[in-house]
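Asker: This is the structure, below, for whatever I ask next.
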Amino acid sequence: MKPAIRPYHHGNLREALLRAAEAALEARGVQQLSLRELSRELGVSHASPQRHFPTKQDLLDALAITGFERLSAAVARAAESPGQDFSGRLTKAAHAYVGFALKHPALFALMYEAKRRPGMLPELHSAVVAAYSHIPKILKEGQEAGKIVAGDPFRLALTLGAALHGLVAISIEGKVRGVALKTIVPETVHHVLHGLSKKN
């Protein structure tokens, strides 16, 4: 008996592939991610994904781009919290960053690796810049309000970013025990801001 011929079309195949790829990434890791296997899962021919992602790397780059876009949207929503002062909005933005990373650890690792690869795609570069623009913007508002020291807000944001990224890393490794992240994240922001505070 001949094997069943898989259909070529699958509605919005690109989005279906990205969703299936992210699920596979989180479940099995990047090394086990396969366009052929995704085609099988979605019930399409093995050639179908090549219209959107000629290679596995093209798929991984698209995953990283969408990941940064979602991270940016999450942090932006938190940063725009009404009724919050500068430090409150910064804390909410930090929570959103850490929360996204811990909810999607494999995707976040892929995003971080893509950010460090040479020859970054213009679309990926734009997504990275947008995702990391929100905290510097809040810090700039803090500077304008006279709450923190002067200087390039993007450079100042590196301090908080490094602290949050380290917090994500040790949390994923299971080394944070007995203290909830809802406590640690505000403490981290507080200590960073205290270090940036103007001295009278």
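The values are calculated or read from the model by the stated rules, or taken from the named source; none is laboratory data. Since the structure is predicted, the reported quantities are computational estimates derived from the model, not experimental observations. Ligands, DNA and RNA are excluded from the accessible area calculation, which covers all protein heavy atoms including side chains. Shrake-Rupley method; radii C 1.70, N 1.55, O 1.52, S 1.80 Å.
Asker: What is the gain in length, in nm to one decimal, between K182 and H125 on full extension, counting 0.36 nm per residue of separation less the C-alpha to C-alpha distance?
Answerer: Details: separation 57, 0.36 × 57 = 20.52 nm, distance 3.06 nm.
17.5 nm is the gain from fully extending K182 to H125.
Asker: So how much slack lies between L102 and K147, counting 0.36 nm per residue of separation and subtracting their Cα-Cα distance, in nm?
Answerer: Numbers: separation 45, 0.36 × 45 = 16.20 nm, distance 3.01 nm.
Gain in length upon complete extension: 13.2 nm.
Asker: Hey, another quick one. How much of H190 can a 1.4 Å solvent probe reach, expressed as accessible area in Å² and rounded to 10?
Answerer: 110
Asker: Solvent-accessible area per residue for the chain at a 1.4 Å probe radius, Å²?
Answerer: Values: 11420 Å² over 200 residues.
Heavy-atom SASA per residue in the chain reads 57 Å².
Asker: Another one. For region 70-158, count all C-alpha to C-alpha pairs, find those more than 17 Å apart, and express that count as a whole percent of the total. Intermediate values should be presented prior to the final figure.
Answerer: Numbers: 2080 of 3916 pairs.
Value for region 70-158: 53 percent of Cα pairs lie more than 17 Å apart.
Asker: Percent of accessible area on region 16-124 owned by carbon and sulfur, 1.4 Å probe? Before the final figure, lay out each step's value.
Answerer: Values: 2700 of 5210 Å².
On region 16-124, the fraction of accessible area on carbon and sulfur atoms equals 52 percent.
Asker: Can you tell me the Rg and the Dmax, both Å, for the Cα atoms in region 13-139?
Answerer: 16.3, 53
Asker: Something else now. Report the Cα centroid-to-centroid distance between region 150-186 and region 21-96 in angstrom, as an integer.
Answerer: Using only Cα atoms to place each centre, the spacing works out to 21 Å.
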